[in-house]
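The values are calculated or read from the model by the stated rules, or taken from the named source; none is laboratory data. Quick caveat, the model's predicted, so the values are computed rather than measured. Here Cβ is always computed from backbone atoms with ideal geometry, including for glycine, and neighbour counts include all displayed protein chains. Heavy atoms of the whole protein, side chains included, go into the accessibility calculation; ligands, DNA and RNA do not. Shrake-Rupley method; radii C 1.70, N 1.55, O 1.52, S 1.80 Å.
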Amino acid sequence: MKILAIETSCDETAIAVLRAEKTKSGVEFEILSDQVSSQVTIHAPFGGVVPNLAKREHIKNLPILLKRTLREAKLPLGSFASKLVDAVAVTYGPGLEPALWTGINFARDLAKKWLVPLVPVNHLEGHIYSALMTKPIFLISKSGIFPMLTLIVSGGHTELVLSKNHLQYKILGETLDDAVGEAFDKVARMLKLGYPGGPLISKLAKKGDARAINFPRPMIYSKDLNFSFSGLKTSVLYYLREHPPAGGKFSKADMAASFEKAVVDVLIRKTLKAAEQYKPRTIALGGGVAANDKLREELQKKFPNIILPEKRFTGDNAAMIAVPGYYRFLKKKFAKAGGPKATGNLRLSKI
Ligand code: KG4
Ligand code: ZN
């Protein structure tokens, strides 16, 4: 079967088509097309994503991307329209509601036109499945994966999630305030690096000394598996006020490296704790911050078998929405007439 997926939860418009076939050992997926259109340059002057601008861009981009995706997947629009794909999947949360609605409305109209089911998907389950998308044709085996522990690190979320099976999620721990990506973006703003801050901090950090400044590691030894990054961000702010980098002892690069190291130390410690407690068979990483080299390197040192998503799948994309969309399709978890409701604060839960 073929599934078309749409993702518009934030500032990336994305459409993908995947082929999925059951085999003896699991499900074979093939990415037939995976199109992403980033709005970074549009939001950069504002220092963050402007929801109504994102909405306007999604509305403009969706029909263009659809044509491109279908062309690349060799599914010509027109002729036997109802045979194009067997299902349409769409992200309905969490994310920016005005942005989510654009994808939902577009997906609902397509599903109606093509007479196929509409499958609502949680954006975070997309980030969980992104680590399993290892090649253009990849197999997700029936056995050997679960229980799977995923560290999700994105602009809006920081969670440790345990999956006992497909589509079964238990949140073991999460951030009590800022998400990791958010902290990266805010610290980048303090250092006047630009937007989005994560990639800029990680680039600058490579030139700095991570031992230069001993920033706090909030909640690193707390008994639970929760996180907190807002205090760390404030420490960087105070530090900057007291030690301006221009002419001072520490460079911006030292600050970036020391901040990054503090974040990575906390993430590693909590992941270790969760792994000891739950003894997962698989450990994986997902979300925009999964592109961070320091985090990838340090995680790999502690967990040599960890599954790291390919860099092109760390940021938001629609291929990662198609995969859980397929498992939801198998379980007939279709949207009711009218489509799903955009849900900005949607949580992962068992289905
Ligand atoms: O998953 P994502 O694309 O969007 C959300 O679902 O939020 O994550 C975006 C976040 C942004 O905060 C961005 O600064 C961060 O991921 N990010 C990084 C890196 N690349 C992107 N953070 C740290 N290091 C990176 N290399
Ligand atoms: Zn995301």
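Some observations on this one:
- Gain upon complete extension [Gln277, Ala44; 0.36 nm per residue less C-alpha separation]: 79.8 nm
- Applying the Karplus relation 6.51 cos²θ - 1.76 cosθ + 1.60 with θ = phi - 60° to segment 26-35 yields 3J(HN,Hα) values of x, 10, 9, 10, 10, 7, 7, 7, 8, 10 Hz, where x marks Gly and Pro.
- Comparing Ala246, Ala107, Ala256 in a Gaussian network model of the chain (Cα springs below 10 Å), the most mobile by mean-square fluctuation is Ala246.
- Among Leu160, Leu240, Leu18, residue whose mean-square fluctuation peaks in a GNM of the chain (springs only between Cα atoms under 10 Å): Leu240
- In this label model, Ser349 and Lys331 are separated by 1.3 nm, measuring between points 7 Å along each Cα→Cβ vector.
- Subtracting the Cα-Cα distance of Tyr221 and Ala246 from 0.36 nm times their residue separation leaves 5.6 nm of extension gain.
- Cα gyration tensor category, rounded, prolate or oblate, for segment 266-333 with a/c compared to 1.5: oblate
- Eligible aspartates and glutamates near Lys333 by straight Cα distance, threshold 16 Å, same-chain separation 8 or greater: Asp86, Glu125
- Taken along the Cα-to-beta-carbon direction at a fixed 7 Å, the label points for Asp109 and Lys341 span 2.3 nm.
- Label-zone membership for segment 279-301, site Ser141, 7 angstrom Cα→C-beta point, backbone N under 12 Å: 282
- Only protein heavy atoms count here; under a 1.4 Å probe, Asp224 has an accessible surface of about 60 Å².
- Here the Karplus relation 6.51 cos²θ - 1.76 cosθ + 1.60, evaluated at θ = phi - 60°, turns the backbone of segment 117-125 into coupling constants of x, 9, 10, x, 10, 7, 3, 5, 5 Hz, with x for every Gly and Pro.
- Cα gyration tensor shape for segment 221-320, rounded if a/c is under 1.5, else prolate or oblate: prolate
- Rounded Å value of the spacing that divides the Cα centres of segment 227-253 and segment 107-181: 34 Å
- Shown is the FRET efficiency for Lys311 and Ser25, computed with R0 = 30 Å from the Cβ-Cβ distance and rounded to the nearest 0.05: 0.65.
- For the chain, built as a Gaussian network whose Cα springs stay under 10 Å, the top-fluctuating residue of Glu310, Glu297, Glu242: Glu242
- Contact order for segment 198-302, expressed relative to its length and based on alpha carbon pairs under 8 Å spaced 6+ residues apart, stands at 40 percent.
- Antiparallel bridge percentage (DSSP; both residues within the chain; nearest 5): 70 percent
- Residue-wise HN-Hα coupling along segment 99-115, computed from phi with Karplus coefficients 6.51, -1.76, 1.60 (Hz; x: Gly, Pro): 6, 4, 4, 4, x, 4, 4, 5, 5, 4, 5, 5, 4, 5, 5, 8, 6
- Estimated distance in nm for a label pair at Lys302 and Ser230, the labels positioned 7 Å out from Cα along Cα-to-Cβ: 2.4 nm
- Pairs from Lys60/Lys350; Lys273/Lys294; Lys135/Lys270; Lys302/Lys331; Lys223/Lys341; Lys55/Lys164 whose Cα-Cα separation, in the structure shown, is over 25 Å: Lys60/Lys350; Lys135/Lys270; Lys302/Lys331; Lys223/Lys341; Lys55/Lys164
- When DSSP beta bridges are restricted to pairs lying wholly in segment 148-308, around 65% turn out antiparallel.
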